[in-house]
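In what follows, a structure is listed as structure tokens, so that the remarks can point back to it.
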Amino acid sequence: MTDKNTAPSWLARLSGGQAKQKLLAFGSLIALIVVFSVLKPDAFMTQDNLIGILQSTTVIGVLAIASTFIIITSGIDLSVGVLMTFCAVMAGVFMVNLGLPMPLGIVLAIGMGALSGCVSGLAITKLKVPPFIATLGMMMLLKGLSLLITQTRPIYFSDVEGFDQISLGSLLGDLIPALPIPNGVLIMFLVAVVGAVVLNKTALGRYTFALGSNEEAVRLSGVNVDRWKVIIYTFSGGICGIAGLLIASRLNSAQPALGQGYELDAIAAVVIGGTSLSGGVGTILGTIIGAFIMSVLINGLRIMSVAQEWQMVLTGLIIILAVYTDNLRRNKP
Amino acid sequence: MTDKNTAPSWLARLSGGQAKQKLLAFGSLIALIVVFSVLKPDAFMTQDNLIGILQSTTVIGVLAIASTFIIITSGIDLSVGVLMTFCAVMAGVFMVNLGLPMPLGIVLAIGMGALSGCVSGLAITKLKVPPFIATLGMMMLLKGLSLLITQTRPIYFSDVEGFDQISLGSLLGDLIPALPIPNGVLIMFLVAVVGAVVLNKTALGRYTFALGSNEEAVRLSGVNVDRWKVIIYTFSGGICGIAGLLIASRLNSAQPALGQGYELDAIAAVVIGGTSLSGGVGTILGTIIGAFIMSVLINGLRIMSVAQEWQMVLTGLIIILAVYTDNLRRNKP
Amino acid sequence: QEVYIPLVSKGFQHQFWQAVKQGADQAAKEYKVKVTFEGPETEQQVDKQIDMLSAAMAKKPAAIGFAALDSKAAIPLLKKAQAAKIPVIAFDSGVDSDIPVTTATTNNVAAAALAADKMAEKIGGEGEVAVIAHDQTSRTGVDRRDGFLNQIKAKYPKIKVVDVQYGGDQLKSAEIAKALLQAHPKLKGIFGTNEPGAIGAGKGIKEAKKSGIVIIGFDSGKAQKDMINDGTIAGAITQNPVGIGYKTVEAAVKTLKGEKLPKIIDTGFYYYDKSNMNDPKVAAVLYD
Amino acid sequence: MDPTSPPGRSVAPLISVQNLSKSFPGVKALDRVQFDLRPGEVHALMGENGAGKSTLMKILAGVYRKDSGEVLLDGQPVEIESPAHAQSLAIGIIHQELHLMGHLTAAQNIFLGREPRKLGGLLLDDEQLNRDAQVLFDRMNLALAPTTVVGQLTVARQQMVEIAKALSHKSRVLIMDEPTAALNNAEIEELFRIIRQLRSEGVGIVYISHKMDEIQRIADRITVMRDGTYVATVPATTPMAEVIAMMVGRTLDQADKHIPDTSASEVLLDVRGLNRGRAIRDVSFTVRRGEILGFAGLMGAGRTEVARAVFGADPIDSGEVRVRGEPIRLRSPQDAVRAGIGYLSEDRKHFGLATGMDVESNITLPSLRRWLRWGVFLNQPAIRAIGQQMVAKLRIKTPSLTQTARLLSGGNQQKVVIAKWLVQDCEVLIFDEPTRGIDVGAKSEIYKLLNELAAQGRAIVVISSELPEVLLLSHRIVVMCEGCITGEVPGDAATQESLMALATRRD
Ligand SMILES: Nc1ncnc2c1ncn2[C@@H]1O[C@H](COP(=O)(O)OP(=O)(O)OP(=O)(O)O)[C@@H](O)[C@H]1O
Ligand SMILES: Nc1ncnc2c1ncn2[C@@H]1O[C@H](COP(=O)(O)OP(=O)(O)OP(=O)(O)O)[C@@H](O)[C@H]1O
Ligand SMILES: [Mg+2]
Ligand SMILES: [Mg+2]
């Protein structure tokens, strides 16, 4: 174990004292970047492409942060992808159909995410349905709702002034023209920092770990387990709402049929980042690294014009290997 | 708990002594059937439609049986759907491309399923990658391979004499014309019976439960945990191979891009059938009932011409409720 | 009793299928028949489509409209329909069998070849182009991809297709477009074989702030029309989905009345761009 | 005392350990330790919590691999690679922590990996399996159906299943790591009978326990360890005070008993007419401020059930619980904690410890509210401070406050669980087997602590299967049998005999 007292950096604190391991977990990421840079130096390591990679990580990254909380409680949330879409749709309903002002629309859309998360949480705690099934049910339900609400047509935000700037504008680029990082990327990092603080510095985070470690012991410590679970799912749902806004802004529309399957990418990012599916262990920093491993891999293979069938084969292999090498490092400190 | 000694019927034995609970789990199924029969008597309760329901349960049913073993060990297998497709493709390669005789082709296709299961098992035990990731990786890998092998084109079995009879023919119907049950359905029930015997009467089954119950205890008992896990995944992979043959025969072709998403249906069937995702508990009979609940539900909604969006919403709700009512019954014996 | 005609389609979530449904509903209203419309979630789920067909037949319909994902796989059921004297109208893509009374369809290979011609015209007959197709296995995906590739190969030897990638949804298509631009700096054009593919390509180009890339799209939809208007997409091929839906139902009704129908009802396709978008003939087949 | 004579010097040792070392990250668990075991002897291994006893034994059982040193079996060096390998070398072990498969039956647990087969090995022969288990249980005088699912057994019965499992192996070396921590007297007698029989058959037995009287009764030799090092091996006839001094490196003063007069003080906990199925039948009792109420009874008497019911952990059929005269709603442990009741479970692994979390998080779990700033953010310095305070107060042996609780030695885990209830600062504390697995030194500290807590005006309930402990601590003793309270005796009038009589009274 790393001793926190000997290396109390902000990094170590944010990542819950496992900074060393996490820094090592960068390994797979660095390795991938080096390989692609060597193989395609002129295309991969360009500013445009790097920003493209950052941009392409945002949505999965934010969904993965939401999933990290759930997975640390030893739960699972299959609805994150569809929930994101549902929030995008609701943002459209509020801002376009009802014409509410953008800030209010944003808050309400995130609120819808939190509400849906809350419903999953209630199904899990009050109906005692296992998370896998509760969120599988929610996935179908929300997908149907998104299609019903939109009558299977996208909602376009063209008339909502500045909505596409949420994801695509670049406040940073306006200040420092050499760094045209899109706002969506900053939002992802902001969500990550807030997520890490909540996970490691608040009661919610503490109970997240505790529930994943031994739920019965937590109950017998006099903690209202049900309430905290609902709170955690609600919080995670709210984060999915942010992902919904990001994707809606990026596509400048709410696409009601998109989103299914994204949950697997999110969960893969979480696990590659060192969070245990059996609960009790995990960091946000790891999750972000995991999300980048996924997006760098896919971008690199595309840049190299690898046929998509081979992309699948290689992605499958590399996901397994990334988790394997991460294991190796953990066991040899 | 039901007392095994007081009710030793073959049913109780097959279902591992939880027959009473399982018989109750029939409840949801019967309820669905009654509702649909009342609402659409002339269309739902017809011989054709009932046979259609049976037929549409076969593939998911067999995949769910394969998943039951994995889930009882407290593992999960996301690759079952794609593995099924891979086996269908390999059956095509063996029988159509290489022109091997059908019986040999069948054995080899099932063997490919077992082999893939074995690879998953090795990734889980030797590389210590969690089942979720190992099988997610396998899912991508096998999907890519299926597309590569077929060059993304279906392989048609039109020239393989009698291949479509595996699933669509009716040996029973030839004997008893009033009961034209397709062979695929019989095969599913056969797999269920063999699966139940293996699960409850053999060492493989015993270790399946033991691993899901407390893996560390199994290791400390001197059992070669890794070996048995590999065996269980191999066995389960072989069953997926049978599903691959069933679907290939039903479609008279191997469709290389099909299969993803089927794993969720299979897992849902398993859990609705009362198997616990945390391992150690489960029955094949329950799984079959779970698979029928899913297919009756979907068929019934279609028969009632419910809009597809509403079908999704209702399926989501009913899956949650089915597991909820199953919980209720368990807690009030 | 009301005449009931279920349409079993290849999908229902895409705008294209919704437009087909719209045409079917329109015809249903005019001919006073009952129509339902459903299709699997992805165009790979051949067996789910067959389950849908089987449930549709259990409802004892007067006729069936069917857009086969894999025409051979459905033949046993179609034979059953034939035996039960339920006429089958194929739509969107054909069924390799003589059971369907008629087929209401677009010639996707020819439509994609037209896209290739337009692409060649816009980039001046030479250079690198790429394809963002919608998936590897669906009939339309394969026809449009191959229709485009074959036309280029046959007629434009100086044009090189450097990559074919498969998008699926808008977001993934946009990521692919950006990666294509990185990998092939000299890229001159992208053909998106369906609506998300075309819009995604446009998005990707916009995000990468590249100009001068020629995008040829397929189908319509509001976003694609907007992009054509603002010049991001040079132009697109449109089929006549509303017409496909309408003709399918109409054909069913006519068959039930005993009318003779041609084996193929070609619903046609058009190339459209900024210049002819408001032409009534074109505007009629575009959808939002 | 046993009249057995230690085996002669000429006997070659079964197992001999030399210069064995083992480190874990941050901990040197064993430092050049030596140990030997002769056939037909009971060799006690003693030491404080965290001294390295279990680690040494786990190396012999193939659970851990040694870092350096030598293990000789029959004079031949061996490298014990896995539990299976240890079994094949006829080394059996009863682990300190229970390792059972909760969903399997007792018989299935015992014979896992060695199931009788039928039909040419194809199918399992469960009839034979159950018969074999029954034979084993009969030999142990254990009234347990082989088909019982072990997850539904109490800890004590699970421990008996573990013992049965170890016995079924017919080992030449049998290691018992605190086998009696969860057992009552009758069961301990049964176990000793079996141990003596095995000894006479030439089996070498390593016996780890913190119960001095047991060591005196059963052991032939004693090896003492301290802080991962070897101290000495002495004959069991050595006075216990000397052995303890070797273990802890200092002499201990016995906690002495003085019973304050609490008859006038306020009734803090008042339980009336509690019923829950057949497990709790019309149980009523009161505890006053400053009082320690002992609960005695045999295994399965229902004491744990009563405690859990009072704590709101299990639903009740009828009855009322009052705290400070106020009836409380009991739907969940949360209600109980809010009313000022704390409950230390007898099963720390399942109900006590969040095993994956670190020490300080566990210690502050029930009281987390108090360690928050603005009700949201963790007050890390305060958490660190209270953690340090508890580690010092209870002498918890841990490399740091951020050590994962699972990696502590068994006794130290128990201390962590005690610490979390001390921090929560409840008025009413129910301790279910509080000293299970705790070493002598720490035990007397906990006794002092309980007296202190009572003296501060709290009401304490102590459930213990060790009669001397109940007798030493309690101001009043309630005895249970089969779900009923069969009697109540003042602490100064009670004797082991009188308590046993009440504990076995059936009506
Ligand atoms: N797997 C492990 N990882 C890290 N530290 C460990 C591990 N196992 C044991 N330790 C540490 O090694 C030391 C010795 O532990 P061990 O369990 O052998 O003690 P013990 O003598 O059996 O104590 P007790 O009487 O409490 O059971 C302790 O400090 C413990 O924290
Ligand atoms: N012979 C038995 N077989 C199986 N279960 C038993 C048996 N005896 C008791 N039990 C279980 O134990 C419960 C009561 O035990 P409980 O743990 O409350 O007793 P206790 O007095 O605390 O004893 P212990 O010292 O074992 O903890 C019963 O409700 C029952 O579930
Ligand atoms: Mg120990
Ligand atoms: Mg007890």
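The values are calculated or read from the model by the stated rules, or taken from the named source; none is laboratory data. All of these numbers come straight from a predicted model, not from anything done at the bench. We place every Cβ from the backbone using ideal geometry, glycine too, and count neighbours over all the protein chains shown. Surface accessibility is based on the protein's heavy atoms, side chains included, excluding ligands, DNA and RNA. Shrake-Rupley method; radii C 1.70, N 1.55, O 1.52, S 1.80 Å.
At-a-glance table
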item: Neighbour net charge for residue B:227 - beta-carbon separation under 12 angstrom, K R +1, D E -1; result: +2
item: Ordering of B:91-104, D:298-311 by packing [mean C-beta count within 10 Å, highest first]; result: D:298-311, B:91-104
item: Whole-Hz ³J(HN,Hα) from phi, Karplus 6.51 cos²θ - 1.76 cosθ + 1.60, for segment B:165-178, glycine and proline x; result: 6, 3, 9, 9, x, 9, 4, 5, x, 5, 7, 10, x, 6
item: The protein assembly as shown, accessible area per residue, ligands and nucleic acids excluded (1.4 Å, Å²); result: 36 Å²
item: Within chain C, percent of DSSP bridges classed antiparallel, to nearest 5; result: 10 percent
item: Distance between segment C:182-196 and segment C:198-259 - C-alpha centres, whole angstrom; result: 17 Å
item: Degrees between helix D:126-139 axis and first principal axis of chain D (Cα, 0 to 90, nearest 10); result: 80 degrees
item: Highest to lowest packing among D:162-170, D:218-226, scored as the average C-beta count within 10 Å; result: D:218-226, D:162-170
item: Summed buried accessible area for B+D [probe radius 1.4 Å, Å², rounded to 100]; result: 2000 Å²
item: Solvent-free Debye scattering, log10 I(q)/I(0), computed from the Cα coordinates of the protein assembly as shown at q = 0.04, 0.05, 0.08 Å⁻¹; result: -0.29, -0.44, -1.04
item: Surface share of carbon and sulfur [accessible, 1.4 angstrom probe, percent] for segment D:343-425; result: 52 percent
item: Estimated vicinal HN-Hα couplings, Hz - segment D:293-299 in sequence order (Karplus 6.51, -1.76, 1.60; Gly, Pro = x); result: 9, x, 10, 10, x, 7, 4
item: At R0 = 45 Å, FRET efficiency that the Cβ-Cβ distance of residue A:26 and residue D:28 yields, to 0.05; result: 0.90
item: Using a 7 Å Cα-to-Cβ projection, residue B:128 label spacings across copies, nm, ascending; result: 3.6
item: Nitroxide proxy distance, nm - points 7 Å out along Cα→Cβ at residue A:127 and residue D:495; result: 6.4 nm
item: Per-residue average of Cβ from other chains inside 10 Å of C:62-74; result: 2
item: Cβ-vector label at 7 Å, residue B:310, separations to other copies in nm; result: 5.0
item: Closest approach to the B/A rotation axis among chain B Cβ atoms, residue and whole-Å value; result: B:261, 4
item: Mean separation of Cα contacts under 8 Å, 6 or more apart, over the residue count of segment D:99-212: relative contact order %; result: 27 percent
item: Among C:47, C:25, C:70: highest mean-square fluctuation, GNM of chain C, C-alpha pairs under 10 Å; result: C:47
item: Heavy-atom accessible area, 1.4 Å probe, ligands and nucleic acids excluded: residues of segment A:214-229 down by at least 30 Å² from chain alone; result: A:214, A:216, A:217, A:219, A:220, A:221, A:222, A:224
item: Burial of 50 Å² or greater, segment D:355-379 residues [accessible area, probe 1.4 Å, versus chain by itself]; result: D:357, D:365, D:368, D:378
item: Heavy-atom accessible surface that B and A bury in contact, both chains counted, 1.4 Å, Å² to 100; result: 3500 Å²
item: Local net charge near residue D:327, Cβ-Cβ under 15 Å (Lys/Arg +1, Asp/Glu -1); result: +2
item: Karplus (6.51, -1.76, 1.60) ³J(HN,Hα), θ = phi - 60°, over segment B:275-286, in Hz, Gly and Pro reported as x; result: 7, 8, 5, 8, x, x, 9, x, 9, 6, 4, x
item: Amide N of segment A:29-49 lying under 20 Å from the label point, which is placed 7 angstrom from the Cα of residue A:178 along Cα→Cβ; result: A:45-49
item: Residues of segment A:240-259 with amide N under 18 Å of the 7 Å Cα→Cβ point at residue C:288; result: A:252-257
item: Residue among A:214, A:252, A:183 with the largest mean-square fluctuation in a Gaussian network model of chain A, springs linking Cα atoms under 10 Å; result: A:214
item: Shielded by partner chains, segment C:205-223 residues - at least 30 Å² of accessible area, 1.4 Å probe, vs chain alone; result: C:207, C:222
item: Fraction of accessible area attributable to carbon and sulfur, segment B:132-243 (%, probe 1.4 Å); result: 64 percent
item: Relative counts (whole %) of C-alpha pair distances in chain D, using bins that are 10 Å wide; result: 4, 18, 28, 27, 17, 6, 1, 0
item: Antiparallel content of DSSP bridges confined to segment D:15-248, in %, to 5; result: 60 percent
item: Mean residue ellipticity (222 nm) of chain D, computed from DSSP H runs ≥ 4 via -39,500 (n - 2.57), nearest 500; result: -9000 deg cm²/dmol
item: Reference-scaled alpha-carbon Rg (2.2 N^0.38 Å with N residues) for chain C; result: 1.03
item: Nm distances between copies for residue B:193, ranked from closest, using label points 7 Å along Cα→Cβ; result: 6.6
item: Within a Gaussian network of chain C (alpha carbon springs, distance under 10 Å), most fluctuating of C:241, C:262, C:100; result: C:262
item: Span from the segment C:56-87 Cα centroid across to the segment B:196-212 one, whole angstrom; result: 44 Å
item: Under 5 Å, built H, 5+ apart or other chain: amide partners of residue D:226; result: D:231
item: For the protein assembly as shown, share of DSSP beta bridges that run antiparallel, in % to the nearest 5; result: 45 percent
item: Contact order relative to length of segment D:1-130, as percent, for alpha carbon pairs under 8 angstrom and 6 or more apart; result: 20 percent
item: Interchain or long-range residues, amide H under 5 Å from residue C:36's placed H; result: C:5, C:7
item: Percent carbon-and-sulfur accessible area, segment D:446-507, ignoring ligands, DNA and RNA, probe 1.4 Å; result: 55 percent
item: Heavy-atom accessible surface that A and C bury in contact, both chains counted, 1.4 Å, Å² to 100; result: 2700 Å²
item: Ratio Rg/Rh, restricted to segment D:15-248 and using Cα atoms, in which Rh is the Kirkwood radius; result: 0.98
item: Amide H contacts of residue C:66 (H built 1.01 Å from N, under 5 Å, at least 5 apart or other chain); result: C:8, C:89, C:90, C:91
item: Förster radius 25 Å - calculated FRET efficiency between residue C:260 and residue C:3, Cβ distance, rounded to 0.05; result: 0.85
